[in-house]
Amino acid sequence: MSPEPIVFLLGMMCDARLFAPQIDGLSHERAVMVAPVHLGERIEEIASTILDMTPRRFALCGLSLGGMVAMEIIRCAPDRVSRLCLMDTNPVSETPVRAAEREPQIIAARTGRLEEIMREDLVPHYLAKTPFKAHILELMVDMALSLGPEVFVRQSRALQKRRDQQSLLRNIKCSTLILCVAQDQIALPKRHEFMTKFIEPAELVVIENAGHLPTLE
């Protein structure tokens, strides 16, 4: 019997390069798919589109925004997910303060300043101080520019409008890995400890010496 396919869900303003090491390691023995998370302005719409693209049953791994979409996929179609990995993500809806903070970034992206937003406002908070930081920063900027400002706007809106998924956690019954990073400034380890308590078959793994993008760092 062939190993189950795995579907990766990307973080904000990332393309398949976010999971390049994992694709390289896993694609030798199983089908690997990277699904876009920018085809809609709501998490629900993005999840529905991905479900139309994916195999009947698959393992699912989402990082950050991708983890939020993964939780929505589980809510809509739990029977289709055989195993789950939630990485550096958040089951809680956006706070009004954080939602408001996104508005100047959206305006900046629409007026030709996407690279500035990525370099000055976002990526510096993503990455830990490692020997690879400068290289990954340039990769992040390149991924963002390749996707463009309209994707930034759609993903920002999806984050602003996302539903609270805390009540969903108790209903997740598949084998689940909760992975976070001790130094992550965006998705705090305490949030992942909370998630693990509510998902009965979950295992929590906290890694060191990385930031919000452990797949690359």
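From the Cα gyration tensor of segment 92-217, with a ≥ b ≥ c the square roots of its eigenvalues, which class applies: rounded if a/c is under 1.5, or else prolate if a/b is larger than b/c, or else oblate?
Working: a/c = 2.39, a/b = 1.38, b/c = 1.74.
It comes out oblate by the Cα gyration axes.
May I ask you to evaluate 6.51 cos²θ - 1.76 cosθ + 1.60, the Karplus curve with θ = phi - 60°, for each residue of segment 97-113 and list the ³J(HN,Hα) values in order in whole Hz, giving x for glycine and proline?
5, 5, 4, 5, 5, 6, 4, x, 5, 4, 4, 4, 4, 6, 10, x, 10
Convert 10 °C to kelvin, take the viscosity as 1.306 mPa s, use the Kirkwood radius over C-alpha pairs of segment 18-103 as Rh, and evaluate the Stokes-Einstein diffusion coefficient in µm²/s, rounded to a whole number.
For these conditions, the coefficient is 114 µm²/s.
Whenever you get a sec, compute what percent of the accessible area on segment 74-217 sits on carbon and sulfur atoms (1.4 Å probe).
Working: 3770 of 7120 Å².
About 53 percent, which is the carbon plus sulfur part of the accessible surface.
Work out how far the C-alpha atoms of the chain reach from end to end along every principal axis, then list the three figures in whole Å, largest first.
49, 36, 33
For the pair VAL97/ALA31, report the inter-label distance in nm, with labels modelled 7 Å from Cα in the Cβ direction.
Distance between label points: 4.6 nm.
To the nearest 20 debye, what is the magnitude of the charge dipole of segment 18-160 about its Cα centre, counting +1 on the Cβ of each Lys and Arg and -1 on the Cβ of each Asp and Glu? Walk me through the numbers before you get to the answer.
Numbers: 16 positive and 19 negative charges, 71 e Å.
Here the size comes out at about 340 debye.
Per residue, how much accessible surface does the chain expose to a 1.4 Å probe? Answer in Å², no decimals. Display every interim value, and only then the final one.
Numbers: 10020 Å² over 217 residues.
Per-residue accessible area for the chain comes out at 46 Å².
With labels modelled as points extended 7 Å from the Cα through the Cβ direction, what inter-label distance (nm, one decimal) is found for GLN185 paired with SER167?
Between GLN185 and SER167, the simple spin-label model gives 3.5 nm.
Beta carbons within 10 angstrom, averaged per residue: use that to sort the peptides 21-30, 180-189, highest first. Display every interim value, and only then the final one.
On the way: 21-30: 12.4, 180-189: 18.7.
The most tightly packed comes first, giving 180-189, 21-30.
For every helix of n ≥ 4 consecutive DSSP H residues, a contribution of -39,500 (n - 2.57) applies; sum these over the chain, divide by its total residues, and give [θ] at 222 nm rounded to the nearest 500 deg cm²/dmol.
Values: 9 runs with 91 residues, N = 217.
One gets -12500 deg cm²/dmol as the mean residue ellipticity at 222 nm.
Ignoring ligands, DNA and RNA, what percent of the 1.4 Å accessible area of segment 8-61 is carbon and sulfur?
Working: 1290 of 2360 Å².
Within segment 8-61, the accessible surface is 54 percent carbon and sulfur.
Set Lys and Arg Cβ to +1 and Asp and Glu Cβ to -1, take the dipole of segment 134-203 about its Cα centre, and tell me which of SER146, LEU177, ILE136 lies farthest positive.
Going by the charge dipole, the pick is LEU177.
Treating only the Cβ atoms of Lys and Arg (+1) and Asp and Glu (-1) as charged, compute the dipole magnitude of segment 62-108 about its Cα centre; round to the nearest 20 debye.
Details: 5 positive and 6 negative charges, 35 e Å.
So the magnitude is around 180 debye.
So how do 165-176, 31-42, 58-69 stack up, highest first, on mean other-Cβ count within 10 Å? Could the numbers behind the result be given before it?
Working: 165-176: 16.5, 31-42: 19.1, 58-69: 26.0.
By packing density, highest mean first, the sequence is 58-69, 31-42, 165-176.
So if we plug the beta-carbon distance of ASP121 and ALA20 into 1/(1 + (r/R0)^6) with R0 = 35 Å, what FRET efficiency do we get, rounded to 0.05? The partial results should precede the final answer.
On the way: r = 25 Å, r/R0 = 0.71.
It comes to 0.90.
Cysteines without a disulfide-compatible partner in the chain, using Cβ under 4.7 Å as the rule?
Lone cysteines by the Cβ rule: CYS14, CYS76, CYS174, CYS180.
Rounded to whole Å and ordered largest first, report the semi-axes of the equivalent ellipsoid of segment 88-160 derived from its Cα gyration tensor (root of 5λ). Don't skip to the end; give the middle numbers.
Working: eigenvalues 88, 55, 22 Å².
Semi-axes, largest first: 21, 17, 10 Å.
The values are calculated or read from the model by the stated rules, or taken from the named source; none is laboratory data. Computed from a prediction, not measured in an experiment: that's the story for all the values here. No Cβ is skipped: glycine too gets one built from the backbone with ideal geometry, and neighbour counts run over all protein chains shown. For accessibility, only protein heavy atoms count, side chains too; no ligands or nucleic acids. Shrake-Rupley method; radii C 1.70, N 1.55, O 1.52, S 1.80 Å.
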